[in-house]
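Here the structure is laid out as structure tokens; the discussion comes afterwards.
The values are calculated or read from the model by the stated rules, or taken from the named source; none is laboratory data. Worth saying up front: this structure is predicted, and the values here are computed from it rather than measured. All Cβ positions, even for glycine, are placed from backbone atoms using ideal geometry, and neighbour counts span all protein chains on display.
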Amino acid sequence: MAEQEEGENAAGIDEPPPPKLEIPTRRVKNIMKLDKDISKVNAEALFLVASSTQLFLQFLAEKSAHAAVEKKRKTITLELIRIATKRHRPTADFLLDSLPLPAEQNHPGDRAKSRPDKKPVPFATRSIDAFFQKTT
């Protein structure tokens, strides 16, 4: 009885294994270390931050999908993410100001005249793009 099976705690109750993260923890750790006050990141803290990020992104995707269904759209756009964010007060408090404003709507006849050669870079992505590039 001194030996216990793997996956059981002292009370004999099976504990489920920790969920597999879909977010790369190495990148999460690097983002956390961008803060000047953080020099080391504990494994448990890294797991909690990565898990929280994953849960938040799943929540935002689900709410945006509900908004897409209500608007009878098949693609989630920035407009639908903004709608989902506005509907959830805690999320709106910190995220709404960070989301880019929707682009002005052009009239169908003006589309051919004002089409730019290159797509504009989304708000706040230019400075962080290099961070997410794989290095070899």
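Filter the range 49-65 down to the residues that are of a type outside the set (A, V, I, L, M) and in contact with a helix residue (DSSP H, G or I) (Cβ under 7 Å, 6 or more places away or on another chain), then identify the one that is surrounded by the most Cβ atoms within 10 Å (Cβ to Cβ). Filtering first and then ranking leaves Ser64. Any residue that is among the hydrophobic types (A, V, I, L, M, F, W, C) and within 19 Å of Glu22 (Cβ to Cβ) - is there at least one of those in the range 82-98? Checked against the condition, which is being among the hydrophobic types (A, V, I, L, M, F, W, C) and within 19 Å of Glu22 (Cβ to Cβ), the range 82-98 yields no hits at all. Listed by first and then second residue, the pairs linking a residue in the range 14-43 that is farther than 16 Å from Phe56 by Cβ to a residue that is at pLDDT below 90 and part of a loop (DSSP other than H, G, I, E, B), with Cβ atoms under 7 Å apart and 6 or more places separating them unless they lie on different chains, are Asp14/Gly7; Glu15/Gly7; Glu15/Asn9. Filtering the range 49-79 down to residues that are among the acidic types (Asp, Glu) and within 17 Å of Thr91 (Cα to Cα), which residue is farthest from the chain's Cα centre (by Cα)? The residue in question is Glu79.
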